[in-house]
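See below for the structure under consideration.
The values are calculated or read from the model by the stated rules, or taken from the named source; none is laboratory data. Everything numeric in this text was worked out from a predicted model, so none of it was measured. Cβ placement follows ideal geometry from the backbone for every residue including glycine, while neighbour counts extend to all protein chains displayed.
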Amino acid sequence: MVQDIPQMKFNRPQNFGFVEPVIEPEAYKFGSGEVDLSQPLQLNGQWDDFLPVEEIQNIRNIETSNCTAFGSTNQIEVYMKRKFTKDYNFSDRALGIEAGTYPPGNDPQKVYEKIRKVGLADDSLLPFGDVKNVDEYYDKNKITKEVKDSERDFLDNYTFKHDWVASGELTTPEIMKTALQYSPLACAIFAFAFDGQYYVRMGRDGDWIILTGYEDGKYWKGFTSYSPVVKKFAWDFGFYFVKRIHIEPNRTPQQISILQKILDLIGKILNITALRIKEKEPVIVPDSQPVIPPPAPPIVIVSPVPPPQPSKIQIWAKEIQRQEGYFVGSRSYKNKNPGNLKFSDVTKNLGATGKDAGNFCIFPTYDLGFKALCQFLILACENRLTPYINKTLDEFTTIYAVPPNKNYVNAVAKALGVPTNILIKTFL
């Protein structure tokens, strides 16, 4: 039975445990080929008939900040019920402990990797329970032998894969609709702003939920860990971090043996002796002349080409975009100006075609606006913009950001992996 928590109206954004992930180059992307996309599992993209048990992550006012576990297990339970026609209920608490989650939360990439490497335990072995505080909830001693055995059973029986549909960039409804044919989608959302009909975005992400379908052009169907559990999100909500999953049952040696016996039997019936997977037998030619095989083609070893790495300028620009509050409906979104660049002769030369009432640039497309931001940063690093000559990252941000914000520069420095007192000219 779900504890009925009244719908809350927040005066400021809330974070229920979503920590924005750092996307490594090897992180898989939707359509990368790593996960099979040949056979949609739910062609209409609607997963309503497979919803899991409703569970709340905040009981007795104990905020667990465990949305990444609740969201990921909900996603897996829906997927597995559809694929294997059976109900599942995995322990959000055990997953949170195994993934090292603790307020203020966790990176979903770490949580999904923990599932892939450690597995999932049955919820009956470690439910939310009668805990008195968040420290008790995340007590590592609760990961007993029985819990570990249950996690291993999951890995023994299933192969779990995950990849990104969107990993920091605004995705499109068409991509989302296509991805929903393969699995329910887990995604980061702003928590929460309700306009009387739908939930809408009013700022940065703070929760990790699943989407189970849509009413085309009207809203997305959400399943969350806060009452009301089922929510409708506006069609233009805008999703920046979205994951899909793929799960296959593992074949046991016994299953492989049975399959081989079937192949052997078919071979006898059809008088075929080569159904086994083995080296091709040499051809015996009834002739006294030896058979000279054609020369083997030369073996060409092609070194794998690593994916291109984003430059420091691009990383810097992306973090500025986040700090400037680029989301659907924002000023920077409407102006296609992710850096909130001000209109001037410089930015006009960089492609700005106009300005709004606040003197912020307007660009024809997002791509041109992002390119202009990168070029602006390069000019600053080359000491070609007077206000930024020989400035450190901290000094640059103090001038660039209005009003100055220490959290802003700290976030940029973290994204770049540099101290705040570094000279920006070293980024080139």
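Select from the range 224-246 the residues that are farther than 17 Å from Q57 by Cβ and of a type in the set (V, I, T) and write down the one among them that is surrounded by the most Cβ atoms within 10 Å (Cβ to Cβ). Ranking the qualifying residues of the range 224-246, first place goes to I245. Candidates are the residues of the range 196-223 that are modelled with pLDDT under 95 and of a type in the set (D, E, K, R); the one that is surrounded by the fewest Cβ atoms within 10 Å (Cβ to Cβ) is R204.
For the range 143-156, the criterion of being outside any helix (DSSP H, G or I) and under 20 Å from V78 (Cβ atoms) is met by none of the residues. Just wondering, is there one or more residues in the range 128-146 that are of a type in the set (S, T, N, Q), modelled with pLDDT of 95 or more, under 21 Å from T224 (Cβ atoms) and assigned by TED's automatic domain parsing to the domain that holds L180? The answer is no; no qualifying residue exists. Residues of the range 81-130 that are basic (K, R), within 17 Å of the chain's Cα centre (by Cα) and crowded, with 20+ Cβ neighbours inside 10 Å: K114 alone. Hey, among R82, R116, which residue is within 15 Å of A69 (Cα to Cα) and of a type in the set (K, R)? Sole residue among the options that is within 15 Å of A69 (Cα to Cα) and of a type in the set (K, R): R116. Residues in the range 359-386 that are more than 29 Å from the chain's Cα centre (by Cα) and hydrophobic (A, V, I, L, M, F, W, C): F360, C361, I362, F376, I378, L379, A380, C381, L385.
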